[in-house]
Amino acid sequence: MTGILWYDTVICVLVFIFGSVIGSFLNVVIYRTPLHMSIVNGPSHCFSCGERIKPYDLVPIFSWIFLGGKCRKCKAPISARYTVVEALTGIMFLLAYIRFSASLPMVVAIVFFSLLIVLSCIDIDHMEIPYWCTISIAVLGIATFFTEPNMPWWEHFAGAAVIAVPFAILALFGGMGGGDVQLMAASGFVLGWKIVPSAVIGVVVGAVYGLIVLCVSSRFTKEQSAKISEKLTGWCEGKAVDSSKDVIIGEFEHGKCKIDPELFEEKAWNISGDELKAATESLSSELNEVMGNLPDSKEYVFRANVENGKITKIKLRRRIAFGPALSVGLAVGMLCGETIIKAYLSML
């Protein structure tokens, strides 16, 4: 009995180590793929001094701890997220092993978890879920035809359809992005009916996360709304037609303001064509100064109502990455979605 426990412990440790090593590679994928860089060529290096990182400084989790979270040469801080991703990947691999043991479903689970970690981090950094991640998850769904013989083929399609429709409706009303819909549809193809508890958990986590973000950023958005309104009012003078109405829509993406002049109602303005385009570019530059240097991970959208040459109402809100919240629900669905469904049905 003791020998069996010892054997299981060693296997669990090895699975965690393997997962953390894969997590180190996932960090490379997370950073390089959005920048269209090779994930194979080019050694890892310090972003501050450019020093190539030695192999003994690339040991997952421990290297960051031993170096005190700093570059060995220039002592510039190294983000703790690299270690978090390594540890999280190791933990998810371990949970997959505990749940499925050494089997094909375990392989599907660890690939699924790896893709969720990658797309979550990229969504946080760039407010975008990579298309290749959702395609990979959909392809993974085909593999489950062979790894889960107890799940009929139609259940895969039912899982995708039953979740794609409500999420698509949410997207139409601006509650979700297109990438979120694609993620849930592709994951429904993998999980089947287990996508239902995944969606519920993901939406709840996303709602709580969104509420926290809105509360934290409410003071900033209130102050900046007043400043943006002042800039827009000054900009509209002499450009807006009297007794006219229009809406100015803009977004702060990757640290820069973007206003599309094609969204303007031409009859509401005294300028048009190239002159309007040049004026909106000038306005965008002024609003960049108002918002300051925003990191890529923080994106805002504003909508300002113009009436009689004045700003009558303005709304500034921060975009929220729902990919990580949905990924939490999907991971729970993969590990214990079937148990949750059975527990729910037993209460009926």
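The values are calculated or read from the model by the stated rules, or taken from the named source; none is laboratory data. Note that the coordinates shown come from a computational prediction; the quantities given were computed from them, not determined experimentally. Don't worry about glycine lacking a Cβ; one is built from the backbone with ideal geometry, like all the others, and counts go over all protein chains shown.
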Close pairs from region 155-182: first under 16 Å from residue 330 (Cβ atoms), partner of a type in the set (Ser, Thr, Tyr) and outside any helix (DSSP H, G or I), Cβ under 9 Å, at least 6 apart: none
Matching residues in region 140-167 - criterion: being more than 27 Å from residue 104 (Cα to Cα) and surrounded by 16 or more Cβ atoms within 10 Å (Cβ to Cβ): 167
Wholly within region 122-234, helices (runs of 4 or more DSSP H) carrying at least 1 residues that are more than 21 Å from the chain's Cα centre (by Cα): 131-147, 153-172
Any hit, region 300-317, residues being part of a helix (DSSP H, G or I) and touching a strand residue (DSSP E or B) at 6+ places or on another chain (Cβ under 7 Å): no
Qualifying positions in region 53-72 - loosely packed, with under 12 Cβ neighbours inside 10 Å and either modelled with pLDDT under 85 or not assigned by TED's automatic domain parsing to the domain that holds residue 17 (or both): 55, 56
Residues within region 268-291 that are farther than 15 Å from residue 237 by Cα, surrounded by 13 or more Cβ atoms within 10 Å (Cβ to Cβ) and in contact (Cβ under 8 Å) with a residue 24 or more places away in the chain, tallied: 6
Residue match in region 52-60 (condition: free of Cβ contacts under 8 Å to residues at least 12 places away in the same chain, in a helix (DSSP H, G or I), more than 25 Å from residue 126 (Cα to Cα) and in contact with a helix residue (DSSP H, G or I) (Cβ under 8 Å, 6 or more places away or on another chain)): yes
Residues being part of a helix (DSSP H, G or I), within 30 Å of residue 49 (Cα to Cα), free of Cβ contacts under 8 Å to residues at least 40 places away in the same chain and under 24 Å from the mean Cα position of the chain (by Cα) - total across region 61-117: 2
